[in-house]
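The structure appears right after this line, and notes come after that.
The values are calculated or read from the model by the stated rules, or taken from the named source; none is laboratory data. All values reported here derive from a predicted model rather than from experimental measurement. Cβ atoms come from the backbone with ideal geometry, glycine included; neighbour counts cover every protein chain shown. Surface areas here come from the heavy atoms of the whole protein model, side chains and all, with no ligands, DNA or RNA. Shrake-Rupley method; radii C 1.70, N 1.55, O 1.52, S 1.80 Å.
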4 protein chains.
Amino acid sequence: MTRRLKLGMVGGGEGAFIGAVHRIAARLDDDFELVAGALSSDAARAQSSADAIGLARSYADWREMAREEGVRADGIDAVAIVTPNHLHAPMAHAFMAAGIHVICDKPLAVSLDEGRALAQHARDANVVFALTHTYSGYPLVRHAREMVAAGELGEVRVVQVEYAQDWLAHPIEQGGADGRNRQASWRTDPALAGPAGCLGDIGTHAYQLAAFVGGMEPVAVAAELHTFVPGRRIDDHVQAMLRYANGARGMLWASQVASGAENALRLRVFGAKAGLAFDQEAPNELWFTPQGGEAQRLTRGRVTGAAAAHATRVPPGHPEGYLEAFAQLYRDAAAQIRARDMGVPPPPESTLLTTVDDGVAGLRFIEAVLASSAADGAWRALG
Amino acid sequence: MTRRLKLGMVGGGEGAFIGAVHRIAARLDDDFELVAGALSSDAARAQSSADAIGLARSYADWREMAREEGVRADGIDAVAIVTPNHLHAPMAHAFMAAGIHVICDKPLAVSLDEGRALAQHARDANVVFALTHTYSGYPLVRHAREMVAAGELGEVRVVQVEYAQDWLAHPIEQGGADGRNRQASWRTDPALAGPAGCLGDIGTHAYQLAAFVGGMEPVAVAAELHTFVPGRRIDDHVQAMLRYANGARGMLWASQVASGAENALRLRVFGAKAGLAFDQEAPNELWFTPQGGEAQRLTRGRVTGAAAAHATRVPPGHPEGYLEAFAQLYRDAAAQIRARDMGVPPPPESTLLTTVDDGVAGLRFIEAVLASSAADGAWRALG
Amino acid sequence: MTRRLKLGMVGGGEGAFIGAVHRIAARLDDDFELVAGALSSDAARAQSSADAIGLARSYADWREMAREEGVRADGIDAVAIVTPNHLHAPMAHAFMAAGIHVICDKPLAVSLDEGRALAQHARDANVVFALTHTYSGYPLVRHAREMVAAGELGEVRVVQVEYAQDWLAHPIEQGGADGRNRQASWRTDPALAGPAGCLGDIGTHAYQLAAFVGGMEPVAVAAELHTFVPGRRIDDHVQAMLRYANGARGMLWASQVASGAENALRLRVFGAKAGLAFDQEAPNELWFTPQGGEAQRLTRGRVTGAAAAHATRVPPGHPEGYLEAFAQLYRDAAAQIRARDMGVPPPPESTLLTTVDDGVAGLRFIEAVLASSAADGAWRALG
Amino acid sequence: MTRRLKLGMVGGGEGAFIGAVHRIAARLDDDFELVAGALSSDAARAQSSADAIGLARSYADWREMAREEGVRADGIDAVAIVTPNHLHAPMAHAFMAAGIHVICDKPLAVSLDEGRALAQHARDANVVFALTHTYSGYPLVRHAREMVAAGELGEVRVVQVEYAQDWLAHPIEQGGADGRNRQASWRTDPALAGPAGCLGDIGTHAYQLAAFVGGMEPVAVAAELHTFVPGRRIDDHVQAMLRYANGARGMLWASQVASGAENALRLRVFGAKAGLAFDQEAPNELWFTPQGGEAQRLTRGRVTGAAAAHATRVPPGHPEGYLEAFAQLYRDAAAQIRARDMGVPPPPESTLLTTVDDGVAGLRFIEAVLASSAADGAWRALG
C-alpha cells in the first residue's frame, strides 16, 4: 500500500462547518491522515478544537506551523487552508515557502493580483496547489466534460448556469434571536471575504462548473451585482451575460436570497447536436438530450467513461453525494502529490483536479464582473 | 343556456398547426361555433380548407369577409386572427371597423406604433380584443398570480423566466430533404414576422408570463440578441437582464436552438418570504417554497382560490393541458363579449384574459430589447 | 367533411362530473353533436339539466328515449351511458334494441353474466359498443402497447400496476358538514355499484391498462379485498397477485384510501430486455429503460409510431391531458360507427378503442378477485 | 477525544465490493480504525488483500483471528463480517465467544433457528451485534419513522414497499464473455446464500425498511417466489401480500430481474391522515402528503427532528448518500460499543441501529414467505 500522506489544517475549528467536511473528505479514501493544525486564530479555541478531534500537533499560530512542519522529519505533506478568504494568500505563501503542498478553499484570494502571485509561487516552489471546487469532483460532472470534449453535443452554443441559495435572504449576519450567524458574518464582511460577496462565495463555483464542463471560458461579461438585504455591505445577487470566443452565449445567475433554494447549482450546456443538464442536488444523474430527440437519464455507475469511473466508489443506484465529490479532490491531490514527490508526471485520471489556475480564472471573472457592474453593465473583457 | 357565439377565422387553413388548435379551443367549452372563415390567402386552399372542416361560409378575401360579416344579420360575433404577424394589424382594424370582436395571435403586431393604434381602435370601437397568450390560461398560472398579489411571497425580489425550444437549431426554413418548413419560413422572415424572431415568437410569451404572475413589468432591460444558424435573417436566441421599479432584478432567456428542449417555458419568482416555480410542460403542478422551508407541490384541482377554480374542468390528478389553457381564453373572451354586447361589466373571473394592452406591453419589451441589443447591451427603458 | 354524428346521453345531469367530461370529449374533435338526452332519473332535474346545456330533445325516461330516437329520421346515432353501474345493462340493451350504437362507462355491468349478455347483444345487433377506459386513449399508452407488441421489451416477465386515490379515506358517503357526497354515495352502495367497490371503480381501470399495454391477461389471481372505513358496505382497497400463461408474474393494487394520492394510476412492465413505466398523472412522458442501461424519457409528439401519432393533436411540449384521452375514445368510436354504418371495416388506427369485450374481461377479473378474496386469497382462475 | 475503536474484518478481500464499502463507512466518521482481518478464505488472496490496504494484522483463518484477537491486549473491539450468508453464524459465534462485538451483513443467517441462536448468544455474551440494514441509516428514513411514531400519518392503513434491481436479469452466475460474476455466483448458490435468493438479498431489506418506518411487523404473509432465469437454483423474484395486527394491509415486491432498475428500494406508508414516500435512490428527500392535501418535499437538513439531525453531516442541498447511511450504522455501533464497554446505557440517539433482533425478524419473514410460497400462496403467520 502507498503510505498515507500527512495532512495539516489551518482553520476549521469548532463551529466551522467546512473544517469537518475537509476532514471527512481527506479521510474517506484513506489517502491522508490529519496530524497537525492551527484550527483557530484564537489559541484556546485552537487547542480545544484539536483536542476534540485527537489531533497530534496543535499550533496556536499558522506561521509557526508552516515553519516547524517544513523542517520536521515527519512534517506534513500538505496543508488544507479552510479560513476566510483574506487569509488564503498569506497562508498559502507561507506553506509553499516551507515546501508544503496546498489544498485551499475557494475563492483563491481576494484579488486577481494576489491570485496570480500564488500561481507563480506554486510553479516556482514546485508544489501541488489544489483548489476545492468541490462540484468538479462529481463523477457525472467529469463525464459531462468528457462528453463535451468528445463532441457529443456538437459545437457549444449556449451555456446556462445558476447557483441559488436562500440562507442570506435576511440579515442574519447582523444578529437576531440566535445571535450573529458566524458563517454569514465573515462572508458578508468585505475585510474578510474580499470585494465579492455572493459573487465570490458561489458565483465562482457556478463560473468554474460552466468552464470545466464547457471546456471554455467566456471572453466578455455584462453583469449586474445587487444587494437586496438592507445594511448588507456586499452583493447577495449576481446576474451576468456571457460571450465566448466561438460565438457561444451564456447566462450566469447566483443568488443567496432566492427564497426556497437550498444549494441549487445547475448547469445546462446546449450544442448544435445535443444538450446536457446537471443539477448538483441530484448528482447521480445527468440528462442528455439530442436535438429533436428524447432525454436520456445517464446515471453514475452506469455511464461508461474513464473520468466518471475513476471518481466512482459504489454501484449504480447507491447514491454518492457531496462528501464523495469532495473526497475525490483529496484523492486526486494525493495522487498528484505522490507523483510530484517522486518526480514523475501525475496519473492522467488525477488531472481533472482543480488547481490554482482555476482559482486565477475565477478571480479574472470576479474582477470583470465587478468592473462591468460598476460600469452599469457594460461588457468587459476577461483579463 | 346562453347562446353560442358565432366565430370567424382568418388564416388557419390546411397545414397551419395553430388553426386547428384555435378551433378545438373555441369548441371545447361550447361557447363558440365556427361559421365563417378566410382560411388562406390562396383562394383554392381557402375553399378546400373550409370544405375539410364543413365551414358554412368561406371567403377568398379577408377584407370582404370583414365587410360582409359586419352587415349580415347572422354575422360573426368575433374573429380569430391566426396569420403571420404582419397581417395582425390590418386585419384587426378591418374587423374592428365592422364592429366585430377580435381574438388575435401574439405578438400583437410588428411595431409598437402599430400596437398602440390597435389598442386605441379597440377602445374607440368598444370591442373586446383578446390576445392569445395561451399560458396565462393555465389554472396554476392564475393561481400563482393570485398568490403573488396576496403577498404570499413577500416583496418580489427576483424573476427568472425562460422559454427554450430546439426546433430551429438547424436552418429548416431554408429547405432540406423534406422541403422548407412552412412554420419556420414565415417565422424567420422579417417581412412576415417583423423585426423580432425568437424574441417575438416566444420571448414575448416569457415576458408576458413573468409580468402576469409577478404583477409588474420591468422598467429597463439590457439585452443581447443572437443568431446562431448561418443564413438566418432574424434572431434565434435572446438573453436579457431586467430591472424593476421596486428594485427587483430578473433574467429572461429565450432560445429556439436549445438542443433537446421541446416547449420549455419556465418561470420562477422569488420574494422575501417565499418562492414559486412553474413549468409549462408540467402545468398541473406549481411549486411553492417558503424561505428556509420545504417545497410544496400545489396541484390543479387541490389548490383553493377563485382564479384557479374558474379555469379548472376536471378533478385533481386528471391532467389538463395546453388545449384547456387555450380554451380558457376563449371561454373568458366569450364571457367578456356577452357582457360587452349587453353593456354590462364583464364577470370578474373573466378579466384575467390577456388583451390588446398585454400585446402593447409585449411590443414595448420587443422595442427595448432591439434597442438595447443594437447598443451593445446598454440598459434601455421600457417605453 | 364527414357529417357530425348525433349523440344522445343518459345520465350526466347537473352535479354529475362525468357527464360534462363526456360532453367535452364528444365535442373536442368535432365528430359528435349532442342532440338528445335523459340526463336524470328525476324528471325536473332532467329538464333543467337539458336547458342548461341547450339540449334539443330532453326525455324524462330513458326507455322512451331509446324507443323514439330509434325511429326518428334524425334520431341519434349513438348514446352515451353515464349512469351508476346497475343501469348500464338495461340501458345498453334498450338502445341496442333500437339499433343505436353505445358508448358506455365502465365497469360494463354488475356481473359477468350481464356483461356476456351485452357482448352477445352487441354482436347480434351489429352495433359499435365502446367502453370508456379513458386511459387507453393516451397516445403514450398506445405507444407502450405498440412497443411491447413489437418485442422491444423482450418476453414480458413482470407487471406492476396500481391505482391510488384518497378521496374515500373518510366516510363521505355517510354525510358530514357538506352533506353526503353524491359521487361517493352511489359508488359505495352495492345496489347501485354492484358487488365491487374500489375494485370495480378503479381496479378495473388498472387491470385494463395492464392488459392493454402488456398484451395479455392473467390466468389466475390471488387477492384480498378490504374495507378500511367503518360503516362502508363495499371494498375500498384491493391487493392482488397475478399469474400469466407465459410465466410472468404481476401485482395489482387499487386503493381509495391512500392518503395523499390524487388519481395515481401507474403501470410498469418489465421484460427480459427492457422495462417501461407510465404514470397517468404525467401522461406526456413514457419511460423506457433497457436492462443494464439508461432511462429514456419518450415524449408525446416526439415518439414516432402510428398509434401515438393517431392520438396526438398538438406538438411535443404542449401537454395533452385527460380530456384529450377521453376525446380519443369518441374519435375512434366515430370512425368505427361511420365504418359500421357504411358496412366497411373500421380504419385500423381506430381499433385500439376499448369495447364491450374489454368490459367482459374486466368483469371476469372482478369475479375472480371476489372469489379469491372470499376464499382467503386462494388462487382463482380467470373465467 | 474518545479513542478510535479497533476494527477487524472477515471477508471483503479484493474483488468484493462490500468490503471496501464497509471500510469507507467505518472510517468516515473516524470512530474506527481497521487493524486486523481475514479478508479471504484463500490464504494468498487474504494476504495480498491485506497488503493492498496496509492492514496491520492479516490472518489466513478467521477462527485463529477470533482466538488471537480475543486475547491480545490490543485486540479488536469489533469485527465486521462481510462474507456470504452461510458463514455469518459460525463466524459471529466465534467472535462473540471471544468477547468481540459484531457488525454483520444481512441476512443474519440462513435459517431462523440459526438467527435465534445468534440473538441468544449476543445477549449471553453481552456484546453489541449490529446488522447492516444500511437503508435505516438514512436521516430521512429515521425521520419517517419518527413521523409515523408521532402519529403524523394517523393510524397506518397501507404499506407498499418494493426493491427492484435488474442485474440478475440474465444468468451471469453461469458465466459468459466476462466469466462468472462472483457477486452473482454466491448469491444464487443455496449452499452459500441459504434457501432465499432475491428474498434474502434484497427482500429482507424491503421488509426491514417497512417495519422500521411503519413501526410494526406483519402478522401474516401470502407470497409467491419465482425464478425467471433458466438454470437458476434460487428465487429471483418475490411478491407478497401482508396483513398487520391493526388491520393494515401491505404489499412487498422484490425483483432482481426488473429490467432497467438500478437499486430501486421504495417505501410508501399511508395512514388515515397522511401518506409518506421514500425512494432510496433520492435519499435527501421525503414526501409527505396529507389526505386531500398538497405534497410536501421534506429535505435532509431542513427537517427538524432529533433522529434526522443525529444522522446528518452536511447542510441541506449538499447531498448525502449510501456511504453516509452506512457510516451512520458504524457511528451508532461505536456509540453503543463504548457505552457497553463502560457499562452504561447507549446514547438514545444511537438506538435506531439495526441489530441481531432485526435479523431474526428478517429470518421470520423469510421462513414465512418460503412456507407460503410452498403452499401455493396460502397465508402463513410470521413466527
Might you report the magnitude of the Cβ-based charge dipole of segment C:17-66 about its Cα centre, with Lys and Arg at +1 and Asp and Glu at -1, to the nearest 20 debye? 140
Determine, from the Cβ-Cβ distance of residue B:371 and residue D:233 and an R0 of 51 Å, the FRET efficiency 1/(1 + (r/R0)^6), rounded to the nearest 0.05. 0.10
Please check which bits of segment A:70-109 a label hung off residue D:33 would reach, taking the label as a point 7 Å along Cα-to-C-beta and the cut-off as backbone N under 19 Å. A:74-78
Approximate spin-label separation residue C:297-residue A:97, in nm, with each point projected 7 Å along Cα-to-Cβ: 5.4
Expected field for residue C:51, accessible surface area in Å² at 1.4 Å probe radius, rounded to 10, holds 80
Just to make sure I understand: if all protein chains stay in place, what is the order of B:227, B:132, C:304 by accessible area at 1.4 Å, largest first? C:304, B:227, B:132
Sparse-neighbour loop sites [trypsin sites (Lys or Arg not before Pro); segment A:20-92; at most 14 other C-beta within 10 Å; DSSP]: A:72
Which of these, A:296, A:165, A:328, has the largest mean-square fluctuation under a Gaussian network model of chain A (Cα springs below 10 Å)? A:296
Among B:92, B:52, B:118, pick out the residue whose Cα is farthest towards the positive end of the charge dipole of segment B:5-127, where Lys and Arg carry +1 and Asp and Glu carry -1 on C-beta, about the Cα centre. B:118
Largest first, how would B:161, C:219 line up by accessible area (1.4 Å probe)? C:219, B:161
Of all chymotrypsin sites (Phe, Trp or Tyr not before Pro) in segment A:143-233, which ones are in loop regions per DSSP and have a Cβ with at most 14 other Cβ atoms within 10 Å? none
Quick shape check on segment A:1-119: root eigenvalues a ≥ b ≥ c of the Cα gyration tensor, a/c under 1.5 is rounded, otherwise prolate if a/b tops b/c, else oblate, and it reads rounded
Quote the accessible area belonging to residue A:251 in square angstrom, nearest 10, computed with a 1.4 Å probe and with ligands, DNA and RNA left uncounted. 10
What per residue convex hull volume, in Å³, do the alpha-carbon atoms of chain B yield? 144
Please state the shape class of the protein assembly as shown: rounded when a/c is under 1.5, otherwise prolate if a/b exceeds b/c and oblate if not, all from the C-alpha gyration tensor. oblate
Go through B:347, B:299, B:382 and say which Cα lies farthest out towards the positive end of the charge dipole of segment B:287-383; charges sit on Cβ, +1 for Lys and Arg, -1 for Asp and Glu. B:299
Most positive-pole-ward Cα, A:221, A:283, A:326, against dipole of segment A:220-377 from beta carbon charges: A:283
Rounded to the nearest 20 debye, what is the charge dipole size of chain C about its Cα centre when +1 sits on each Lys and Arg Cβ and -1 on each Asp and Glu Cβ? 500
Cβ charges +1 (Lys, Arg) and -1 (Asp, Glu), total dipole of the protein assembly as shown, debye: 0
Loop only by DSSP, 16 or fewer other Cβ within 10 Å of the Cβ. Give me the chymotrypsin sites (Phe, Trp or Tyr not before Pro) in segment A:20-117 that pass, ordered by residue number. none
Ranking by accessible area, most exposed first, for A:48, B:185 with a 1.4 Å probe: A:48, B:185
Scoring only Lys, Arg, Asp and Glu (+1, +1, -1, -1) among other residues with Cβ under 15 Å from the Cβ of residue D:116 yields -4
